[in-house]
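For reference, the structure is listed below as structure tokens.
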Amino acid sequence: MSDDIFAAMRERVLAALHQVVPGLDPEFARRVEVTPTREAAHGDMATNAAMVTAKAAGRKPAEIAGALVGLLSAEPMVASAAVAGPGFVNLTLKPEAWRACLPRVLAAGEAFGASTAGRGVRVNVEYVSANPTGPMHIGHCRGAVVGDALANLLAKAGYDVTKEFYVNDAGAQVIALAWAAYWRYLQALGTGLTEEEFAAFTPTGLQYRGDYLVPVGAALAAEHGATLAGPGLTVADPARWLDVVRDFTRDAMLAEIREDLALLGVRQEVFTSERGLVEAGAADATIERLRGQGLIYEGTLDPPKGKLPDDWEPREQTLFRATQFGDDVDRPLRKSDGSNTYFANDIAYHADKMARGAQVMIDIWGADHGGYVSRLKAAVAALGGKLDVVLCQIVHVLKDGEPVRMSKRAGTFITLRDLLEEVGRDAVRFTMLTRKSDAQMEFDIAQAVAQTRENPVFYVQYAHARCRSVLRAAAEQGLEAADAPLESLTHEAEMALIRRLAAWPRHVEAAALAREPHRIAFFLYDLAGDFHTLWNRGRDDAALRFLQAERPAETAARLALVAATATVIRSGLAIMGVEPVEEMR
């Protein structure tokens with residue numbers, strides 16, 4: 001039997017359906033679902049099989065449902081079946097069908113819940129992708145956690161996953177960073193220039209003033225001495241130093257970003273440089289590829305919405321026929337000066353991912369990039385690829401109920417490292433997954449470290465610690481769960497916990513297909529709640545206590561339940577990148 005009890009039941013429903021509706025089109029069979037009922041009074045599961053096949057079969061849904069009830073009632077795992085509403089079938093399973101999941105959990109260990117839904121499809125998950133212009137801040141944190149957890153979730157669901165960071169190192173911001181690092185370099189040498197005098201030499205002023213560039217300037221001075229400076233430690237011709245300083249500073253920032261990500265538990269296999277792609281001519285090659293498909297033309301665009309005619313200067317541009325793939329307007333790929341747009345570089349980057357074998361690409365972006373989704377999806381579709389985009393809303397950090405700035409180094413933003421030092425990696429990762437990614441959230445520092453039910457990471461880790469304490473005590477008494485008879489697990493609180501555990505494989509698959517790792521946090525919180533409820537019932541009812549030396553069979557069954565609960569919690573926490581704890585201190 002499949003680890004997924006819902007999938008196993010679906011196979012039985014399909015077998016019955018083929019008897020009731022011979023020669024059923026496979027397309028209709030694919031639409032058949034078996035899902036949990038919304039209310040326990042309606043049974044354990046419901047199927048829409050009669051509803052989705054009635055029209056094709058030329059029969060009434062209730063008629064097909066009635067025939068299905070007759071066949072499914074005879075299934076060994078089914079206690080009862082009934083027609084509901086206009087043609088749904090509600091199913092109640094026998095308790096032993098649910099209890100049978102416990103040996104499967106214990107046999108599979110933390111691999112329980114893994115599925116083959118992904119069929120080995122190669123998925124590239126790109127996340128964080130910050131400009132290498134400074135340390136990681138809180139704005140990057142949520143996307144980093146969501147992307148990493150989603151990649152872990154997809155791997156659990158059977159996909160072949162690559163975790164990637166796209167280094168945005170080809171734009172004007174990196175040039176501005178190089179000028180800022182050069183200022184710190186001159187300072188390290190003891191220049192007599194004031195900041196204002198230096199800023200007058202820069203193309204756009206001194207944009208990056210954070211102290212985090214002081215060590216970079218010192219390292220440049222140590223490596224190059226005064227060779228990059230002008231006479232009297234003034235500003236030299238940028239042609240003499242810009243490339244050196246830009247590359248040195250970018251590498252230093254990337255090293256710091258990697259360190260920050262490692263502290264968060266994020267380790268990506270691939271770092272791809274935008275500048276490297278540009279210098280290799282990837283964007284030009286991609287434009288010509290699209291031109292060969294008849295998707296590039298020279299033309300002018302209508303003025304943007306809100307622009308008056310006299311505000312708009314139409315000019316001929318190199319345009320991509322994005323409207324053929326669902327976008328609102330065609331999009332320019334070259335600027336008026338002949339250089340490629342950022343969009344052209346982005347298309348080239350996704351073409352590069354496809355060339356490296358990505359069959360599906362998933363990008364994690366900030367919600368402020370929402371307007372960019374349709375155009376890039378259009379471009380990827382034109383290239384024959386598949387792109388999903390997950391948007392992450394901003395996070396507001398609160399301390400004592402008030403917004404807080406936490407940076408000790410930059411002074412203008414909350415660094416990721418500061419947040420990790422304040423509350424710890426597990427609290428940061430779990431908390432970032434307690435809301436759907438496209439919903440705004442508040443990160444309350446006090447709640448993230450509180451030892452209460454309102455703190456979800458504590459609540460879940462406490463459940464695991466309680467499980468482990470029971471199993472340690474059992475080991476000390478020589479008690480174990482091996483080959484335990486499970487018939488004694490009949491109490492409503494025990495069965496509720498078992499049903500939750502049995503739903504784990506279905507939950508993993510559904511969350512992966514929806515690209516929603518926050519569902520794992522929700523599941524774990526509910527699972528922890530079921531376990532804590534059972535624990536508390538044991539305080540009031542001695543018959544429900546886990547360890548009862550005078551009742552070895554019942555104790556063994558409950559140990560199996562406890563061990564299975566701990567296993568599924570660990571499995572879920574592994575997806576989230578959170579450590580299970582053995583005991584709470």
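The values are calculated or read from the model by the stated rules, or taken from the named source; none is laboratory data. Since the structure is predicted, the reported quantities are computational estimates derived from the model, not experimental observations. FYI the Cβ positions are ideal-geometry reconstructions off the backbone, even for glycines, and counts take in every protein chain you see.
Would you confirm, using the coordinates I've provided, whether D346 is among the charged types (D, E, K, R), part of a helix (DSSP H, G or I), crowded, with 19+ Cβ neighbours inside 10 Å and out of contact with any strand residue (DSSP E or B) (no Cβ under 6 Å at 6 or more places or on another chain)? So that I can check it myself, show each step before the final result.
Values: among the charged types (D, E, K, R): yes; part of a helix (DSSP H, G or I): yes; crowded, with 19+ Cβ neighbours inside 10 Å: yes; out of contact with any strand residue (DSSP E or B) (no Cβ under 6 Å at 6 or more places or on another chain): yes.
Yes: the conditions hold for D346.
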Residues within region 14-56 that are more than 24 Å from M77 (Cβ to Cβ), of a type in the set (A, V, I, L, M, F, W, C) and modelled with pLDDT of 90 or more, tallied: 1
Among the candidates A481, A463, A503, A446, residue that is within 16 Å of M576 (Cβ to Cβ) and touching a residue at least 40 places away in the same chain (Cβ under 8 Å): A463
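Yes/no matrix, rows are residues, columns are (1) at negative phi; (2) in contact with a Ser or Thr (Cβ under 8 Å, 6 or more places away or on another chain); (3) among the charged types (D, E, K, R):
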residue	(1), (2), (3)
A7	yes, no, no
E11	yes, yes, yes
L14	yes, no, no
Q19	yes, no, no
E27	yes, no, yes
A40	yes, no, no
D44	yes, yes, yes
A56	yes, no, no
A62	yes, no, no
Residue list for region 124-156, filter: farther than 16 Å from L391 by Cα, buried (at least 24 other Cβ atoms within 10 Å of the Cβ) and aliphatic (A, V, I, L, M): M136, L153, L154
Residues satisfying the stated conditions in region 540-585, i.e. over 24 Å from Y525 (Cβ atoms) and β-branched (V, I, T): T555
Residue in region 107-123 that is farthest from A46 (Cα to Cα), counting only those that are among the hydrophobic types (A, V, I, L, M, F, W, C) and buried (at least 17 other Cβ atoms within 10 Å of the Cβ): V123
Looking only at region 72-97, and only at residues there that are polar (S, T, N, Q) and touching a residue at least 12 places away in the same chain (Cβ under 8 Å), the one that is surrounded by the most Cβ atoms within 10 Å (Cβ to Cβ): N90
Test set (1) surrounded by fewer than 18 Cβ atoms within 10 Å (Cβ to Cβ); (2) farther than 30 Å from R331 by Cα - L261 fails condition number: (1)
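Mind listing whichever residues of region 203-225 are in a helix (DSSP H, G or I) and buried (at least 17 other Cβ atoms within 10 Å of the Cβ)? Please lay out each step first, then the result.
First, the residues of region 203-225 that are in a helix (DSSP H, G or I): 211-224.
Result: Y212, L213, V216, G217, A219, L220, A221.
Here is a check on your reading of the model: is F546 assigned to a helix (DSSP H, G or I) and among the aromatic types (F, W, Y)? Please lay out each step first, then the result.
Numbers: assigned to a helix (DSSP H, G or I): no; among the aromatic types (F, W, Y): yes.
Against the criterion (assigned to a helix (DSSP H, G or I) and among the aromatic types (F, W, Y)), F546 does not qualify.
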Qualifying position, being of a type in the set (A, V, I, L, M, F, W, C), more than 27 Å from R122 (Cβ to Cβ) and not assigned by TED's automatic domain parsing to the domain that holds R515, among L319, L295: L319
Elements of type helices (runs of 4 or more DSSP H) contained in region 420-529, each with 3 or more residues being touching a Ser or Thr at 6+ places or on another chain (Cβ under 8 Å): 456-476, 492-502, 504-514
Residue pairs meeting the criteria (Cβ under 7 Å; at least 6 apart or on separate chains; first assigned to a loop (DSSP other than H, G, I, E, B), in region 557-585; second of a type in the set (D, E, K, R)): G577/D148; G577/R429; V578/D426; V578/R429; E579/D426; P580/R570; E582/R468; E583/R468
